[in-house]
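Undergrad: I'd like to ask you about the structure that follows.
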Amino acid sequence: NAGVMQNPRHLVRRRGQEARLRCSPMKGHSHVYWYRQLPEEGLKFMVYLQKENIIDESGMPKERFSAEFPKEGPSILRIQQVVRGDSAAYFCASSALAVDGELFFGEGSRLTVL
Amino acid sequence: GESVGLHLPTLSVQEGDNSIINCAYSNSASDYFIWYKQESGKGPQFIIDIRSNMDKRQGQRVTVLLNKTVKHLSLQIAATQPGDSAVYFCAESYNNNDMRFGAGTRLTVKP
């Protein structure tokens, strides 16, 4: 049973370009979470999704950021018109349960904006 | 040694000593807590969890203590080993809608 798979592991973009980060949850998991981590800092919650629904996006910037978790396929975190401040590691986690479900994390996608 | 979880503080211990990592959580309604370990360049890994109806839980070489009165969580690692060197995060949730993480503590184990 593969773990949470994130790709790409490393992504370099120039300012103004778009970044798409993908996350395939563990098999059987329907809850997906995205977190952002700056160097030497903790993980900051961004968004919580279930299949086809955004449950909590209170940690998402209001502009340029969006997330989806379609019925088929991976969850996508999309960042439009990237700026240098978007450079960070973006981690995806999945769980089987909505309540008291252990989160399983992927290895992260490291975005560098030049 | 002890460390309070602020902006990625560091804790350095000698191999074989016990480590205590502390965390102050923010939401008095939080009812589920997890400690995660993150090694360099990797995603966080689950260590141990505890629910708010407990004040102590033990795992293999690790113990988590919960003090709801002062909203404090600690992770004790017995006989710390070089492989324990990592950043440790506490996380809290209410109904697990979203897990909120603390800033983390970097543990360095000296051989």
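The values are calculated or read from the model by the stated rules, or taken from the named source; none is laboratory data. Computed from a predicted model, the values in this text were never measured in an experiment. For neighbour counting, all protein chains shown are included, and Cβ atoms are generated from backbone atoms with ideal geometry for every residue, glycine included.
Undergrad: Taking the stretch B:26-40 on its own, how many of its residues are within 19 Å of B:R106 (Cβ to Cβ) and either within 8 Å of chain A (Cβ to nearest Cβ) or not in a loop (DSSP other than H, G, I, E, B) (or both)?
TA: We begin by selecting, within the stretch B:26-40, every residue within 19 Å of B:R106 (Cβ to Cβ); these are B:34-40.
Filter once more, keeping what is either within 8 Å of chain A (Cβ to nearest Cβ) or not in a loop (DSSP other than H, G, I, E, B) (or both): B:34-38.
So the count comes out to 5.
Undergrad: Does the stretch B:7-25 hold any residues that are within 12 Å of chain A (Cβ to nearest Cβ) and either polar (S, T, N, Q) or at negative phi (or both), and which are they?
TA: Step one: list which residues in the stretch B:7-25 are within 12 Å of chain A (Cβ to nearest Cβ), which gives B:7-10, B:23.
Matches in the stretch B:7-25: B:H7, B:P9, B:T10, B:C23.
Undergrad: With the requirement that a residue be part of a loop (DSSP other than H, G, I, E, B), over 16 Å from B:R51 (Cβ atoms) and not β-branched (V, I, T), what does the stretch B:72-96 give you?
TA: Selection gives B:A78, B:A79, B:Q81, B:S85.
Undergrad: Anything in the stretch A:64-106 that is aromatic (F, W, Y) and either within 14 Å of chain B (Cβ to nearest Cβ) or part of a loop (DSSP other than H, G, I, E, B) (or both)? List them, or say none.
TA: Filtering the stretch A:64-106 down to residues aromatic (F, W, Y) leaves A:65, A:69, A:90-91, A:104-105.
The answer is A:F69, A:Y90, A:F91, A:F104, A:F105.
Undergrad: I'd like to check something: does the stretch B:65-82 contain any residue that is in contact (Cβ under 8 Å) with a residue 60 or more places away in the chain and touching a Pro at 6+ places or on another chain (Cβ under 8 Å)? Please lay out each step first, then the result.
TA: Within the stretch B:65-82, the subset in contact (Cβ under 8 Å) with a residue 60 or more places away in the chain is B:78-82.
Remaining after also requiring touching a Pro at 6+ places or on another chain (Cβ under 8 Å): B:82.
Within the stretch B:65-82, one or more residues are in contact (Cβ under 8 Å) with a residue 60 or more places away in the chain and touching a Pro at 6+ places or on another chain (Cβ under 8 Å).
Undergrad: Identify all residues within the stretch A:20-63 that are in a loop (DSSP other than H, G, I, E, B), at negative phi and touching a residue at least 60 places away in the same chain (Cβ under 8 Å); write none if there are none.
TA: Just the residues of the stretch A:20-63 that are in a loop (DSSP other than H, G, I, E, B), to begin with: A:25-30, A:38-42, A:51-52, A:57-63.
Those still in the list that are at negative phi too: A:25-27, A:29-30, A:38-39, A:41-42, A:51, A:57-63.
A:P25, A:M26, A:H29, A:S30, listed by residue number.
Undergrad: Considering B:D49, B:D84, B:D55, which residue is at pLDDT 90 or above, within 25 Å of A:G106 (Cα to Cα) and more than 10 Å from chain A (Cβ to nearest Cβ)?
TA: Values: B:D49 fails: more than 10 Å from chain A (Cβ to nearest Cβ); B:D55 fails: within 25 Å of A:G106 (Cα to Cα).
None of the other options fit; the residue is B:D84.
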